[in-house]
Amino acid sequence: MKLAARVEQVSPSMTLAIDAKAKAMKADGIDVCSFSAGEPDFDTPKHIVEAAKTALDQGKTRYGPAAGELKLREAIAQKLQRDNSLCYGPENILVTNGGKQSLFNLMLATIEPGDEVIIPAPYWVSYPEMVKLAEGTPIIVPTTLESGFKISPDQLQQAITPKTKLFVFNSPSNPTGMVYTPDEVRAIAKVVEETGIWVVADEIYEKILYDGAEHLSMGAVSPEAYERTIVSSGFAKTYAMTGWRVGFLAGPVPIIKAATKIQGHSTSNVCTFSQYGAIAAYSHPQDCVQEMVEAFAERRAFILNCFDAMPGITCPKPNGAFYMFPSIGATGLTSLEFCDRLLDEQQVAAVPGIAFGADDCIRMSYATDMDTIQRGMERLSNFLHAIAS
Ligand code: GLU
């Protein structure tokens, strides 16, 4: 069988591949400290689990509307109004199989051959591949550690051409953990307003913030920015619901309708009883989120402290998400060599920065327990000292 050319153009997801490798090594009895996938180690909060169990008992086990249960779309609309000052109704929302499918449906619904999609690097591994699968052209705009890995309004302006279809804006960022300040979001929004480009704002880490960092939704900046912005988000990271597969897309009705049409011919509705868990996530008090963020904050402080004493590693202080994105350039190794050796020699799993468009960095997710983090840091330190000597 000759495979489709589009498959040749995309790489396998390195985040998923390394996570699978680390899990397989653990299953073989190897003591691996994994900092690979961005998957909270916490159990899904009880009230969410109970809501899904009740839904099962009530027979919520059948097909539902492809766009998602009306109650969930209403809960998402209320959340977007309450937390993000974004005015949407249920008709503006598509419930998707995780945040990943919301982005994928959006790309398929909007990108045509020759369309350009601007993606600041470092970027989440799947953005460029999704653009390619939709037959568009990713336009990668590199950013630097010195600029906090943030794209400037000038850089955005310069990347825009008549072929620009979409700009992918992700804050807090996976993989860098950087958060654009409200003023920085406003400055980027100004370019959006002046040029009329479309933006997809990936806000899946919006609740995971440290040191008083603030999240401002691009669409909340002005009526013009609101009109040109589509929000992609989900429940996985905030509520430790990675396996539930519930995300959403919110935006103008014609775009949501188009994405829903695609979903209607691919996966149909998201697992019905999972959606009832998601309703509970948004309709209960948010203490569980606060507790998880406090735990992440403790781990973040610990790791940053450890990094300070390690040779060959420089890490900007991330103020969101649960990733560290240290530069390892000083070791003289590529990110692939670094991560391969780290796994072989010290049984520590991290994701090579090349997967995110930055070969002199590695990504370490600290959504893992403190014991793993402590042992992992000790091993990373041994590794770096061995290289340096
Ligand atoms: N988004 C998470 C990560 O970056 C999960 C894996 C994936 O879907 O890429 O690690």
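Looking only at the range 119-127, decide whether some residue is aliphatic (A, V, I, L, M) and farther than 23 Å from PRO326 by Cα.
No, every residue in the range 119-127 fails to be aliphatic (A, V, I, L, M) and farther than 23 Å from PRO326 by Cα.
Among the residues of the range 186-206, is any modelled with pLDDT under 95 and touching an Asp or Glu at 6+ places or on another chain (Cβ under 9 Å)? Give the steps one after another, and end with the answer.
Pass one, the range 186-206, residues modelled with pLDDT under 95: 196.
From what's left, touching an Asp or Glu at 6+ places or on another chain (Cβ under 9 Å): 196.
Within the range 186-206, one or more residues are modelled with pLDDT under 95 and touching an Asp or Glu at 6+ places or on another chain (Cβ under 9 Å).
Go through TYR63, TYR123 for me and flag whichever is surrounded by 19 or more Cβ atoms within 10 Å (Cβ to Cβ) and either at pLDDT 95 or above or not aliphatic (A, V, I, L, M) (or both).
Values: TYR63 fails: surrounded by 19 or more Cβ atoms within 10 Å (Cβ to Cβ).
Criteria check complete, one pass: TYR123.
State whether one or more residues within the range 232-250 are within 17 Å of PRO175 (Cα to Cα), of a type outside the set (Val, Ile, Thr) and in contact with a His (Cβ under 8 Å, 6 or more places away or on another chain).
Scanning the range 232-250, I find no residue that is within 17 Å of PRO175 (Cα to Cα), of a type outside the set (Val, Ile, Thr) and in contact with a His (Cβ under 8 Å, 6 or more places away or on another chain), so the answer is no.
Might you check whether a residue that is more than 17 Å from VAL185 (Cα to Cα), without any contact (Cβ under 8 Å) to a residue 24 or more places away in the chain and in contact with a helix residue (DSSP H, G or I) (Cβ under 6 Å, 6 or more places away or on another chain) occurs anywhere in the range 123-135?
No - not one qualifying residue is present in the range 123-135.
Which members of the range 341-356 meet the condition of being of a type outside the set (A, V, I, L, M) and either within 21 Å of THR314 (Cβ to Cβ) or under 19 Å from the mean Cα position of the chain (by Cα) (or both)? I'd like the intermediate steps shown before the answer.
From the range 341-356, those of a type outside the set (A, V, I, L, M) are 341, 344-347, 352-353, 356; that's our starting set.
Matches in the range 341-356: ARG341, GLN346, PRO352, GLY353, PHE356.
Taking into account only those residues within the range 161-195 that are hydrophobic (A, V, I, L, M, F, W, C) and either assigned to a helix (DSSP H, G or I) or out of contact with any strand residue (DSSP E or B) (no Cβ under 6 Å at 6 or more places or on another chain) (or both), which is surrounded by the fewest Cβ atoms within 10 Å (Cβ to Cβ)? Break it down into steps so the answer makes sense when it comes.
So the first thing to find is which residues in the range 161-195 are hydrophobic (A, V, I, L, M, F, W, C), and the list is 166-169, 178-179, 185, 187-189, 191-192.
This time we only want the ones that are either assigned to a helix (DSSP H, G or I) or out of contact with any strand residue (DSSP E or B) (no Cβ under 6 Å at 6 or more places or on another chain) (or both), so: 178, 185, 187-189, 191-192.
Values: MET178: 25, VAL185: 22, ALA187: 16, ILE188: 26, ALA189: 25, VAL191: 21, VAL192: 25.
Checked the range 161-195; the qualifying residue surrounded by the fewest Cβ atoms within 10 Å (Cβ to Cβ) is ALA187.
Can you tell me which residues in the range 1-45 are without any contact (Cβ under 8 Å) to a residue 60 or more places away in the chain, more than 16 Å from the chain's Cα centre (by Cα) and assigned to a helix (DSSP H, G or I)?
Taking the range 1-45 as the starting set, the residues that turn out to be without any contact (Cβ under 8 Å) to a residue 60 or more places away in the chain are 1-5, 7-8, 12, 16-17, 20, 23-24, 26-29.
Filter again for more than 16 Å from the chain's Cα centre (by Cα), leaving 1-5, 7-8, 12, 17, 20, 23-24, 26-29.
Within the range 1-45, ALA5, VAL7, GLU8, ALA17, ALA20, LYS23, ALA24, LYS26, ALA27 meet the criteria.
Report, by residue number, each residue of the range 355-384 that is free of Cβ contacts under 8 Å to residues at least 60 places away in the same chain and either within 16 Å of the ligand (Cβ to nearest atom) or of a type in the set (A, V, I, L, M) (or both). It would help to see each step written out before you state the result.
We begin by selecting, within the range 355-384, every residue free of Cβ contacts under 8 Å to residues at least 60 places away in the same chain; these are 359-360, 362, 371, 378, 382-383.
Scanning the range 355-384 gives a single hit, ILE362.
Quick one: count up the residues across the range 105-120 that are surrounded by fewer than 21 Cβ atoms within 10 Å (Cβ to Cβ) and not charged (D, E, K, R).
Result for the range 105-120: 4.
Among the numbered criteria (1) surrounded by fewer than 16 Cβ atoms within 10 Å (Cβ to Cβ); (2) away from the ligand (no atom under 16 Å from the Cβ), which one does LEU16 miss?
(2)
Kindly list the number of the only condition in (1) touching a Gly at 6+ places or on another chain (Cβ under 7 Å); (2) at pLDDT 95 or above; (3) of a type in the set (Gly, Ala, Ser) that fails for ALA388.
All conditions pass for ALA388, except number (2).
Right, LYS79: basic (Lys, Arg) and loosely packed, with under 14 Cβ neighbours inside 10 Å or not? It would help to see each step written out before you state the result.
Numbers: basic (Lys, Arg): yes; loosely packed, with under 14 Cβ neighbours inside 10 Å: no.
Here the answer is no, as LYS79 does not meet what is asked.
List the helices (runs of 4 or more DSSP H) inside the range 228-342, counting only whole elements, that have at least 1 residues being touching a Phe, Trp or Tyr at 6+ places or on another chain (Cβ under 8 Å) and closer than 30 Å to ARG186 by Cβ. Please lay out each step first, then the result.
On the way: elements: 253-264, 272-283, 287-308.
Output list reads 272-283, 287-308.
Quick check, is VAL168 closer than 23 Å to ASP359 by Cβ and within 16 Å of the ligand (Cβ to nearest atom)? Don't jump to the end; show me each part of the working.
Details: closer than 23 Å to ASP359 by Cβ: yes; within 16 Å of the ligand (Cβ to nearest atom): yes.
Yes; evaluated as a whole, the condition is true for this residue.
The values are calculated or read from the model by the stated rules, or taken from the named source; none is laboratory data. These figures come from a predicted structure and were not determined experimentally. A quick note on method: Cβ atoms are made from the backbone with ideal geometry, for glycine too, and the neighbour counts reach across all protein chains shown.
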